[in-house]
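The values are calculated or read from the model by the stated rules, or taken from the named source; none is laboratory data. Keep in mind that this is a model prediction, so the values were computed, not measured. Cβ: placed from backbone, ideal geometry, glycine included. Neighbour counts: every protein chain shown.
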């Protein structure tokens, strides 16, 4: 179960405990908070196992979307992924900026850039594997680098870090290398973003207007 789901579980347990303590004062039956909490836990279990946390992400994203800062943070994070993928030759298939958009397109999370990852399924030499891993490490860490540059603080990126650990396992490399690859990828992404900062800002504006991928490509290619 991911952190978002665990947070909702913790909130549910807290509410149940508070209801049990306060319930007698307002003549609330103890069975009501218990039934409500069990229902929440049941729905969360179904969501985690059968829906890959899309329900939790949608719920939390709906609450967070009322804050302009959250929307801008997601936008800048995903634009970082998009720009670095473009300049490193990794095709972008689609992008979303909210859990609701992702749900409609079958993409989990609160937003994301969907890459062509078929290269991971092809036979590769050790050198080709390392080059491919380096490119994707840079792209996966680009959202974190973009947040740091735009807001001086990073809030997202847990899933991006996990992708690096998973990719290392896919290529038979130890997970202990993940922190080093994350740090390296973030530095590479930061450099790439700084070199193309005007293009990045133009891309942010285009993605804010939900421009299609090909139009975003043209903006980056003409910059």
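So that you can scan it fast, the table gives a plain yes or no per residue for (1) at pLDDT 95 or above; (2) in contact with a strand residue (DSSP E or B) (Cβ under 7 Å, 6 or more places away or on another chain); (3) over 16 Å from residue 82 (Cα atoms):
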site	(1), (2), (3)
114	no, yes, no
121	no, no, yes
146	yes, no, no
150	yes, no, no
164	yes, no, yes
168	yes, no, yes
177	yes, no, yes
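For first residues located in region 66-83 and assigned by TED's automatic domain parsing to the domain that holds residue 149, partners that are outside any helix (DSSP H, G or I) and crowded, with 22+ Cβ neighbours inside 10 Å and lie 6+ apart or on another chain with Cβ distances below 6 Å form the pairs 74/97; 74/111; 75/97; 78/95; 78/111; 78/113; 81/113; 82/113. Of the residues examined, residue 205 is not one that is at pLDDT below 95 and either in contact with a helix residue (DSSP H, G or I) (Cβ under 9 Å, 6 or more places away or on another chain) or assigned to a helix (DSSP H, G or I) (or both). I'm trying to understand the selection: among the residues of region 164-186, which are in contact with a helix residue (DSSP H, G or I) (Cβ under 8 Å, 6 or more places away or on another chain), without any contact (Cβ under 8 Å) to a residue 24 or more places away in the chain and part of a helix (DSSP H, G or I)? Passing the criteria: 165, 169, 175, 177, 178.
Go through region 140-155 and give me each residue that's surrounded by fewer than 19 Cβ atoms within 10 Å (Cβ to Cβ) and not in a helix (DSSP H, G or I). Result: 152, 153, 154, 155. Checked against (1) free of Cβ contacts under 8 Å to residues at least 60 places away in the same chain; (2) at positive phi, residue 157 meets all criteria but (1).
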